[in-house]
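**Student:** Okay, here's the structure, questions in a sec.
The values are calculated or read from the model by the stated rules, or taken from the named source; none is laboratory data. This structure is a prediction, so every number in the text was calculated from the model and none was measured. With ideal geometry, Cβ positions are generated from the backbone for all residues, glycine too; neighbour counts draw on all protein chains shown. For the accessible areas, the whole protein counts, side chains as well, though only heavy atoms, and no ligand, DNA or RNA atoms are used. Shrake-Rupley method; radii C 1.70, N 1.55, O 1.52, S 1.80 Å.
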Amino acid sequence: MEGLLETALLYDFYGELLTQHQREIFEDYSLSDLSLGEIAQNRGVSRQAVHDIIRRCRRQLEAYEEKLHLVGKFLEIKEALTQIDACAGQLAADPGLSQESAENVLKIRRLAGAITQEL
């Protein structure tokens, strides 16, 4: 995986599996946008040590995803819900839709939205 969004998702799903020290450094770098030098200075370690920890964290997070596929499943479910909502929207636009069917379409859209919010 690549990019900030994927890194953030990996961290959201698997960050608790890192040690507290790893989490703090990874958060400083990824979430707080501190430079390697700033993190090293704040923590009293070398810039290379910070770089190694961040690289190791990324590898660990990616390894968890390779085994568990939680982020991949999350993204698939989110996409499926988007498609369900789009299909329901198309049905709702049908002028010949009965009142009962229109209510069911509205329920489907609400449920898809509620599930998306829970994710």
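**Student:** Of (i) 113; (ii) 123; (iii) 132, which one was derived for volume of the Cα convex hull per residue in Å³ from the structure shown?
**Tutor:** Looking at volume of the Cα convex hull per residue in Å³ for this model, the match is (i).
**Student:** Would you mind calculating the gained length between His69 and Leu119 on full extension (0.36 nm times residue separation, minus the Cα-Cα distance), in nm to one decimal?
**Tutor:** 16.5 nm
**Student:** Evaluate E = 1/(1 + (r/R0)^6) for Glu76 and Leu4, where r is the Cβ-Cβ distance and R0 equals 25 Å; express this FRET efficiency to the nearest 0.05.
**Tutor:** 0.75
**Student:** For the chain, build the charge dipole from Cβ charges (+1 Lys, Arg; -1 Asp, Glu) around the Cα centre, then report which of Ala112, Leu81, Ser35 sits farthest towards its positive end.
**Tutor:** It is Ser35.
**Student:** Can you list the equivalent-ellipsoid semi-axes of the stretch 66-119, largest first and in whole Å, using the square root of 5 times each Cα gyration tensor eigenvalue?
**Tutor:** The three semi-axes for the stretch 66-119 are 29, 10, 6 Å.
**Student:** Moving to a separate point now. With the full set of protein chains in place, find how many percent of the accessible area of the chain is carbon and sulfur; take the probe as 1.4 Å.
**Tutor:** 53
**Student:** Here's another thing I want to ask about it. Per residue, how many Å² of accessible area does the chain show with a 1.4 Å probe?
**Tutor:** 69
**Student:** For Gln41 and Asp94 in the same chain, what is the full-extension length gain: residue separation times 0.36 nm, less their Cα-Cα distance, in nm?
**Tutor:** Using 0.36 nm per residue and subtracting the Cα-Cα distance, I get 12.8 nm.
**Student:** Taking only DSSP H segments of four or more residues, each worth -39500 (n - 2.57), what value at 222 nm results for the chain once the sum is divided by all its residues, to the nearest 500 deg cm²/dmol?
**Tutor:** -26500 deg cm²/dmol
**Student:** For Ile54, Ile115, what's the largest-to-smallest order of accessible area, 1.4 Å probe?
**Tutor:** Listed by decreasing accessible area, they come as Ile115, Ile54.
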